[in-house]
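Input: a single structure, listed below in structure tokens.
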Amino acid sequence: MKLKKSSLFQIFKYSVYAAVFINVFLFLQKEIASSAHRFEDGFSWGNFLEAYTSTVDTAAWAILLLLFELETFVISEKKMKGGLQWLFRIIRGLCYAVVVSSFIGYCNNYGWLMSFESINIQSLCEVVGQSWMIELDTFKKIAESDCGTLAKGEEFFKYSSKNIYTDSHFLNETFWLARVDIINSLAWILVVVVLEIDVFLQYKDKFTGRAFTISKYVKNVLYLTLLGAAIYWGIFGDFLEFWDAFLWIVAFFFIELNLIEWKNESEAI
């Protein structure tokens, strides 16, 4: 029996998919806490995506993952026609719109950081009770008990229109994490663009030769970029960011296996 069709392999694969869906709720929990600091006066639908970028982005990707799994493994090529195929295209189109909007949200988050300005205070004990930014989605209240130990940088910064403070160390780290968010989001968008081309060519029995080789090399570069982002988060971010990035790479590795087996089965006919 092929490994890919074995029960243990399928259990492992769908366990990874389940973990990806669980992360949607973990990001939601994290961003609810974060938005209480960034949008303490409430927020409109216009900046909803900015407040919950990771949650919305992860949810859209989870749906896309499910659709790719259904199309490349569960549903046969003969059944993927007519109304069903159009339904998949419409849902995927909506998800892509969300993914692109999330990419814009990551860019807006980077722009949000640009509004921090240097301030002349000697210690955080001067601003007890205000918000302290550790990362874009990690904040805490400055308390008298720890106001002297929170800072790691020599210069303090304050958000231009809100009582959110940070220092040069955390602001610099957050800028780099925001850049990695943008790079990671763009790399994933390019991955699915290539995958969509792969699936289209497979339906036309043209996913062979040069097309297959070019696709493989382009995706290798993109997956290496995504792996680099995951490693960066593992070192400078938090565990959830690293764990989520790692799970997505593994999940789409399964989609790649589906596509290769689909290609091999078509060539064997």
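Derivation of every value follows stated rules applied to the coordinates shown; laboratory data play no part. All figures in this text were calculated on a predicted structure; none of them were measured in a lab. Every residue, glycine among them, receives a Cβ derived from its backbone with ideal geometry; neighbour counts consider all protein chains shown.
A simple charge model with +1 on the Cβ of Lys and Arg, -1 on the Cβ of Asp and Glu and nothing else charged puts the dipole of the stretch 47-187 at about 840 debye relative to its Cα centre. Take the Cα of S266, step 7 Å toward its Cβ, do the same at I249, and the gap between the two points is 2.8 nm. Pull up the DSSP beta bridges for the chain and report the antiparallel fraction as a percent, rounded to 5. Around 85 percent antiparallel, to the nearest 5. Divide the volume of the convex hull around the Cα atoms of the chain by the residue count and you get 136 Å³ per residue. Of the DSSP H helices in the chain, those with a Cα length along their own long axis of 18 Å or more and a mean Kyte-Doolittle hydropathy reaching 1.0 comprise 53-69, 168-203. A dipole drawn for the stretch 117-170 from +1 and -1 charges on Cβ atoms has a positive end, and of G148, C125, T138 the residue lying farthest that way is T138. Spatially close Lys pairs in the stretch 104-223, defined by Cα atoms under 22 Å apart and a spacing of eight or more places or different chains, total 11.
A Cβ-based charge dipole, computed about the Cα centre of the chain with Lys and Arg at +1 and Asp and Glu at -1, lands at about 1420 debye.
In terms of the Cα gyration tensor, with a ≥ b ≥ c the square roots of its eigenvalues, is the stretch 117-170 rounded because a/c is under 1.5, prolate because a/b exceeds b/c, or oblate? It comes out rounded by the Cα gyration axes.
When only the Cβ of Lys, Arg, Asp and Glu is charged (+1, +1, -1, -1), the dipole of the stretch 117-170 relative to its Cα centre reaches about 160 debye. Maximal additional length on extending the K79-W176 stretch stands at 30.3 nm, based on 0.36 nm per residue less the C-alpha distance.
Over all other residues within a Cβ to Cβ distance under 10 Å of Y106, the charged ones net out to -2, with Lys and Arg as +1 and Asp and Glu as -1. For the stretch 149-269, the residue among I182, F207, H169 whose Cα projects farthest onto the positive side of the dipole built from Cβ charges is F207. The relative contact order of the chain, computed from alpha carbon pairs under 8 Å that lie at least 6 residues apart in sequence, is 19 percent. Here L28 and Y203 are evaluated by their C-beta separation; at R0 = 41 Å the FRET efficiency comes out at 0.70.
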